[in-house]
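Enquirer: Okay, here's the structure, questions in a sec.
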Amino acid sequence: MRVAIFGTGYVGLVTGTCLAEVGHDVFCVDIDQAKVDGLNRGVIPIYEPGLEAMVKANHAAGRLRFTTDAAQAIGHGEIVFIAVGTPPDEDGSADLQYVLAVARTIGRHIQRPTVVVGKSTVPVGTADKVKAAIAGELEARGAAIAFDVVSNPEFLKEGDAVNDCMRPDRIVIGSDNPEAVEKLRRLYAPFNRNHERIVAMDVRSAELTKYAANAMLATKISFMNEIANIAERVGADIEHVRHGIGSDPRIGWHFIYPGAGYGGSCFPKDVQALARTAHQYRYEARLLNAVEAVNDAQKGHLFELIQRHYDLGEDEGVRGKTFAVWGLAFKPNTDDMREASSRRLLAQLWEAGARVRAYDPEAGEEARRIFGERDDLIFCDSATTAVQGADALAVVTEWKQFRSPDFGQLKSALKDAVVFDGRNLYEPSEVEAAGIAYYGIGRGR
Ligand code: UGA
């Protein structure tokens, strides 16, 4: 089928590439000429395992094209996706200006009946606004062309996006028109083999489903972080507690890892946006507000542990110290640092007069862009280099390569022989056996 996709960010680029991979004919549109030129040369603007090879192969096969020409793309597509960003406004609600700008562009250029699909995470009611924006442009043109607006939220995870997209666990389609659902059914047929993954519903339910999924996952994390904070005080070990509850299938093993807080472009933004939507409908989402508040506090928790260790009155204990920081990305397998917990820790360390030797396998370039050149930050090219000459080590991102360091070497590298483990990667007894002081999250000390 012929598809146009607006926005070549994570969602748009991955969706477009996967649709091309299964044989559809895809045009990806972006307003950023440099990005489009790069993509046409095979330069992928994000780090996402498996994506580059797939983009190149489909581009070479002529099934995946990149353009800034909206009219051409809309002329090409019988299905047009909106996958542009919805950054948070100052009050936490999603900023719809880019989504609605695309809607107006679609209204200006469609020539034949079209299914418009909302893939961006948008507040409940946005499909109606998109519909109105397209209708307004059609009216201004004096054109009577039938179109549908469908909500088809994306559930892909950064770092595993290609896999999530190629093997979705569900495909949510929100539409009031059975014909539009049928069209998307055909589009997604290659992803819907063996068992039924399509969950069809009305538009508003589909819009809310996306927020509910992310809010539930964020809630699990904040819940565990809260229990970890209690464990720390009562002298229990959250890792035992995690094992003790995860085996209950109603709770499950996923997303119950305590840590330095969740980050990324989705959870923080979506939890706030959903609370904001609720507020607009005169409902105070107390649980969602608490999930956000717990996470915000959790991002400062590693620094609290650092302060506790250095036992200070006035930050003097941390002042002048050098901290090796392993991991800057908000999670492994990405170079994305949006809302990353590392940003809070670094800010707190600098504020307290400490210096940082940072290493991240992928996010170094992004960190340089964010922090620029500063005297109290040295980027290192390996985890081992980062700890050389440092007083202490803080682990912020759970990259696999940080999981089993040589503790003997760590002991000789770190002047103060102390590790602050923001993702509970290590067994306290093993670290301590090497003569290193250990602090984890919720580990009863
Ligand atoms: C999240 C959802 O997991 C996807 O299903 C969703 O499609 C996506 O948002 C989206 O809305 O686009 P993502 O932001 O890529 O995906 O990241 P996650 O893998 O969910 O991780 C989020 C954060 O939670 C990371 O900072 C991670 O370190 C943290 N986390 C995760 C924990 O602290 N504990 C856990 O148990 C799991």
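Nothing in this text is a laboratory measurement; each read-out follows from the coordinates by a stated rule. Predicted model, so just to flag it, every value in this text is computed and none were measured. Note: ideal-geometry Cβ built from the backbone for every residue, glycine included; neighbour counts use all protein chains shown.
Enquirer: Just how large is the dipole of segment 211-296 about the Cα centre, in debye to the nearest 20, putting +1 at every Lys and Arg Cβ and -1 at every Asp and Glu Cβ? Numbers along the way, then the final one.
Expert: Details: 8 positive and 9 negative charges, 61 e Å.
Computed about the Cα centre, the dipole is about 300 debye.
Enquirer: Measuring from the lowest to the highest alpha carbon on each principal axis, how far does segment 78-178 reach, largest first, in angstroms?
Expert: Largest to smallest, the principal-axis extents are 45, 35, 21 Å.
Enquirer: Under 13 Å from a point placed 7 Å out from the Cα of D89 along the Cα-to-Cβ direction: which residues of segment 270-286 have their backbone N that close?
Expert: Those under the cut-off are 273-274, 276-281.
Enquirer: Could I have the simple spin-label model distance between N289 and K157, label points 7 Å from Cα toward Cβ, reported in nm to one decimal?
Expert: 3.1 nm
Enquirer: Which helices pass in the chain if a helix is a full DSSP H run, must span at least 24 angstrom along its long axis by Cα, and must have mean Kyte-Doolittle hydropathy not below 0.0?
Expert: Working: long enough: 203-234 (47 Å, 0.21).
Qualifying helices: 203-234.
Enquirer: For segment 25-137, divide the Cα radius of gyration by the Kirkwood radius and give the resulting Rg/Rh value with two decimals. Walk me through the intermediate numbers first.
Expert: Values: Rg = 15.1 Å, Rh = 15.2 Å.
Rg divided by Rh gives 0.99.
Enquirer: Can you give the local net charge around V80? Use residues other than it whose beta-carbon is closer than 12 angstrom to its beta-carbon, Lys and Arg +1, Asp and Glu -1.
Expert: Numbers: positive: R2, R112, K119, K183; negative: E78, D148.
Taking every Cβ under 12 Å from that of V80, the sum is +2.
Enquirer: Could I ask something else about it? Hey, which lysines would be in cross-link range of K131, C-alpha to C-alpha under 26 Å, not counting anything within fewer than 8 residues on its own chain?
Expert: K119, K183, K210, K269
Enquirer: Rg and Dmax of the chain over Cα atoms: what are they, in angstrom?
Expert: Reported Rg and Dmax, both Å: 23.9, 78.
Enquirer: By a straight-distance test (C-alpha under 28 Å), which lysines pair with K411 as possible cross-link partners, with residues fewer than eight away in the same chain excluded?
Expert: Qualifying lysines at Cα under 28 Å: K299, K321, K331, K400.
Enquirer: In whole angstrom, how far apart do the alpha carbon centroids of segment 183-228 and segment 245-299 sit?
Expert: So the two Cα centres are separated by 16 Å.
Enquirer: Please state the charge dipole magnitude for the chain, taken about the Cα centre, from unit charges on C-beta atoms (+1 on K and R, -1 on D and E), reported in debye and rounded to the nearest 20.
Expert: Values: 51 positive and 62 negative charges, 207 e Å.
Computed charge dipole of the chain: roughly 1000 debye.
Enquirer: Right, something else. Note the direction-averaged projected area, equal to a quarter of the hull surface, for the Cα convex hull of segment 229-363, in nm². Walk me through the numbers on the way to the answer.
Expert: Details: hull surface 42.4 nm².
Convex hull of Cα atoms, orientation-averaged projection: 10.6 nm².
Enquirer: Take I145, project a point 7 Å from its Cα along the Cβ direction, then tell me which residues of segment 60-103 have their backbone nitrogen under 15 Å from it.
Expert: Hits in segment 60-103 for I145 at 15 Å: 70-81, 102-103.
Enquirer: Among the aspartates and glutamates, which fall within straight-line cross-link reach of K220, defined as a Cα-Cα distance under 19 Å, with same-chain neighbours fewer than 8 residues apart omitted?
Expert: By straight Cα distance, K220 reaches E158, E232, D237, E239, D248, D270, E292, D296, E339, E398.
Enquirer: What is the spin-label model distance, in nm, from E304 to I245 if the labels are put 7 Å beyond Cα along the C-beta direction?
Expert: Modelled inter-label distance: 1.7 nm.
Enquirer: Next question. Please sort by residue number the GluC sites (Glu not before Pro) in segment 100-201 whose DSSP state is loop and whose Cβ has at most 14 other Cβ atoms within 10 Å. Don't skip to the answer; put the middle values down first.
Expert: Working: sites: E137, E139, E154, E158, E179, E182, E196; in loops: E154, E158, E196.
Taking segment 100-201 and a limit of 14 other Cβ atoms within 10 Å, the loop GluC sites (Glu not before Pro) found are E196.
Enquirer: Looking only at Cβ-Cβ distances, which cysteines of the chain have no other cysteine closer than 4.7 Å?
Expert: Those would be C28, C266, C380, since no other cysteine Cβ in the chain comes under 4.7 Å of theirs.
Enquirer: What does the convex hull of the alpha-carbon atoms of segment 299-439 project to on average, in nm²? It would help to have the intermediate numbers written out before the result.
Expert: On the way: hull surface 29.4 nm².
If I average the Cα hull's projected area over directions, I get 7.3 nm².
Enquirer: Quick check: net charge around A71, other residues with Cβ under 15 Å of its Cβ, Lys/Arg +1 and Asp/Glu -1? Mind dumping the intermediate values first?
Expert: Values: positive: R2, R65, R104, R108, R112, R141; negative: D30, D69, E137.
Overall, the nearby charge balance is +3.
Enquirer: Right, something else. Using the Kirkwood formula over every pair of different C-alpha atoms, what hydrodynamic radius in Å results for segment 308-379? Write out the running numbers ahead of the final one.
Expert: On the way: mean 1/r = 0.0793 Å⁻¹.
Evaluated over segment 308-379, this radius sits at 12.6 Å.
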